[in-house]
Amino acid sequence: MKKELKLEELTLEQKLGMVLCTNAQKGFSENEIERMLNMIKEHRLGAVWVSRGAPERNEILKKINETADYPILIVGDAEMGYEEFPFPPARSLGATGYNEDFAYAYGRITGTELRKLGFNAMNGPVVDLSNNSMRHMGTDAKEVAKLGCAVVRGLHDAGILSIAKHYPGPGDATVDTHMQEGRNDRSYEELMSYDLLPYFTMMEQGLLDGIMPGHRIISAIDTERPASLSKKVMNILRDRGWDGVSLTDALSMMGLVLKYGQKDPSPLCIEAGSDLALPWNVSCEVGYQYLKEGFEKGLFSEENLDKAVSHVLIAQHKANLMSGVDTEPREFDFECVERITKECVSAHYAEGVPHAIDKNGRHLFVILTERDLKETEPAPDAPPFANEWFYPHRVQDMVKAIFPNSDCTFLPEYPSATHNIRLFDKQIPYDSVVYITSHRMQAYLGRDCLTERVLAVMRALQSTNRISAILHFGNPHVMDDVPRMNRFILGYSDERCIIHALKILAGEAEAVGTIPYDNVKLKF
C-alpha cells in the first residue's frame, strides 16, 4: 500500500498536475522519461498512459512504480488482450451469443497480464452500441451491459480498475473522430434508454470506476460541444451521484484540434467535468503547460479543478486498495478464450451449395496483404500488416497443413497491373480460388473496406464463378462490397479464428457463430 495524497495538502501546481494523464509513448526520449519521473516525485502527475508500443515499456513501468510513493494511475489499453493472451476484438463476444463467462474471462486474464507488468487501470470495456465496428460488443443494450459488468468483475478480481468507453456512445455515426468531428444524433429518449444503459447498469452495481468520454457531438443534449468538452453531457452521470474518474480520449484527434486548436481542449475538458486530460502526442511538461496556461486564462475554475482532483484521488484510492490482489485466472477462464476464438466464427452459404470444398483438391488461396510479399520469403519477425496480428506467411502454412494439394499467393491491397496479370495466369490450372482477407479498424483510415482494385479482381474472377469461398477476418460490413459468392466464412482478428475457419471450409469443423450486426449485406 502506498501513501495517499490529500486534496487540502496539495499546492495549485500539484493539483494542476493531478488532472494530467501523460502518454509514455513511442518516441519518448530518455530526457522526457526523466522529466516525467521528476513530476511524479513532486506529486505533480495524476496518471500515466503507457502505450503498448513504447520502447523499453517494461522498464518504464518499473521506474514509474518504483518512483511513485502515491498510487498514481498507470493506464493501459488492451482491447484485444495483452501479451501472451490475445483475444479477438470485442465484437466476437456478441458473435458467440453474449456469453458472460467469456466476458469475465477476458477481464480476468487481461487484467492479470496488465497487473504483472505494473499497470493498475485499463481503458475498457468498450460498451459502445453500434453496427459498424469490431470494437463494439453488439447492439443489444441489455446484453452489452451484462457483458460490460462481467468484464469489470474480471478486471477487479485481477486488481485492475476499469475505464468504460466511449461515453455516452457513438450512435450510428461512421465518422472517425481521429479525422473529423463526429455526431450522435439519437433522440434524448434513445440516449437514456439505449446508449447510456450499460453505464447506468455498471453504476448501479458499483462497477463504474471510470469513463472515457468520446469526441462526438451528442446533438440531443449539446449541439455545440462534443461529449468530452460538454458539461451538459458529463452532468448526466454526475447528477446521479457518480464520483468515478473521467479520463478523456486522446485530445490530439482532429475532431477536436481542427475546431479548438491543440492547447485548449485540455483545460476545457476539466471545466466540462472530466478529471484527467490526455493530450497524447506531447511531453508531460508541455501537457502540464496546456493546463497551467488554460487555468491562468480562466478556461477552468479552481472549484472545478478541485472537483476533478478529488475524483482522481478517489480512483487512486481504489487502485491502492486493489494493489494487494494476487490471484491467477482459473483454468476455466483459459478454456473460455479458446472457445471464443472458435465459436465466434460464422459460415453462410448459397442455397444448395455443399458447405465444404474438397480439401484434397487443388485450390489457389489468395491472401490479401498490406504490401507486396513473395511466397518464398521467410516468415518475418514482425507482421507486415499495420494491425499487428495478421502474418501472411503463417496463414500460408495453415492453409498447406489443411489443404495439402493447394497453393497460396499474396495480393497487396493496392495491386498493380503486373500483380493482377500474375494472379490471373496463376489461377488457371486450379479447381477454384479462395480469398482470405483481413481488416481491423485503424485510426485515421476512416472506415474498414477493401480497396477498389482488390474488388475489381474479385469481380473479374467471379464473372465465371471462380471464387469458391471468401474467408474474412474483421468487420463483416467489408463484405457488403464484394460480388456474389457461394460461401462466406467470417471471423475476427485472431490467428486461431483463421485455423478454425479453414477447418470449417474443409468440412472438419462446424460453424456456430452469428453475425452480431443488423444490416450486413451478403450476396448469394
Check your understanding: Taking amide H positions as placed 1.01 Å from N in the peptide plane, with prolines and chain starts having none, which residues 5 or more places from residue 129, or on another chain, fall under 5 Å of its amide H?
Key -> 171
Exercise for review: Please give the contour-minus-distance gain from residue 192 to residue 240: 0.36 nm per residue of separation, less the Cα-Cα distance, rounded to one decimal in nm.
Suggested key: 16.0 nm
Point to revise | Added length on full extension, which subtracts the Cα-Cα distance from 0.36 nm per residue, residue 459 to residue 42 | key: 143.8 nm
**Study point:** Sparsely packed GluC sites (Glu not before Pro) within the range 184-277, loop by DSSP, other Cβ within 10 Å at most 10
**Key:** 224
Check your understanding: Using a 1.4 angstrom probe with every protein chain in place, what is the largest-first accessible-area order of 524, 28, 424, 102?
Key -> 524, 424, 28, 102
Practice item. Grab every C-alpha pair in the range 132-285, bin the distances at 10 angstrom width from 0 up to the longest one, and report whole percents. Key: 11, 42, 37, 10, 0
Practice item. Could I have the simple spin-label model distance between residue 400 and residue 514, label points 7 Å from Cα toward Cβ, reported in nm to one decimal? Key: 4.0 nm
Study note, to complete from the structure: Here the FRET efficiency for residue 12 versus residue 205, based on Cβ atoms and R0 = 45 Å and rounded to 0.05, is 0.75
Revision key, fill the gap. In deg cm²/dmol, rounded to the nearest 500, the helical mean residue ellipticity at 222 nm of the chain, built from -39500 (n - 2.57) for every DSSP H run of length 4 or more, is -11000 deg cm²/dmol
Practice item. Within the chain, what's the longest run with no trypsin sites (Lys or Arg not before Pro) in a DSSP loop and at most 12 other beta-carbon atoms within 10 Å? Give the range, please. Key: 27-239
Review point. Taking a quarter of the surface of the Cα convex hull of the range 256-313, what do you get in nm²?
Key: 3.8 nm²
Practice item. May I have the convex hull volume per residue, in Å³, for the Cα set of the chain? Key: 145 Å³
Point to revise | Around residue 512: net Lys/Arg minus Asp/Glu count, Cβ-Cβ under 11 Å | key: 0
Point to revise | Cβ-derived FRET efficiency at R0 22 Å, residue 59 paired with residue 320, nearest 0.05 | key: 0.40
Point to revise | Cβ-placed point charges (K, R +1; D, E -1), dipole of the chain about Cα centre in debye, nearest 20 | key: 860 debye
Practice item. Grab the Cα-Cα distance for residue 306 and residue 425, subtract it from 0.36 nm times how many residues apart they are, and report the gain in nm with one decimal. Key: 35.9 nm
Review point. In degrees, nearest 10, range 0 to 90: what is the angle between the Cα axis of helix 284-296 and the longest Cα principal axis of the chain?
Key: 50 degrees
Study note, to complete from the structure: Flagged as over-length at 25 Å C-alpha distance, from 116/307; 297/318; 146/259; 342/521; 2/116; 116/342, the pairs are 116/307; 297/318; 146/259; 116/342
Check your understanding: Which pairs, out of 6/232; 142/165; 142/523; 41/292, put more than 22 Å between their alpha-carbon atoms?
Key -> 6/232; 142/523
Exercise for review: Name the long-range amide H neighbours of residue 218: under 5 Å, sequence gap of 5 or more, or other chain; modelled H, no Pro or chain starts.
Suggested key: 184, 227
Revision key, fill the gap. Taking max minus min of the Cα coordinates of the range 441-524 on each principal axis, largest first, gives extents in Å of 36, 33, 24
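The values are calculated or read from the model by the stated rules, or taken from the named source; none is laboratory data. Values in this document were obtained by computation on a predicted structure and should not be read as measured data. Cβ sites come from the backbone with ideal geometry, for glycine too, and all protein chains shown count toward neighbours. Surface areas here come from the heavy atoms of the whole protein model, side chains and all, with no ligands, DNA or RNA. Shrake-Rupley method; radii C 1.70, N 1.55, O 1.52, S 1.80 Å.
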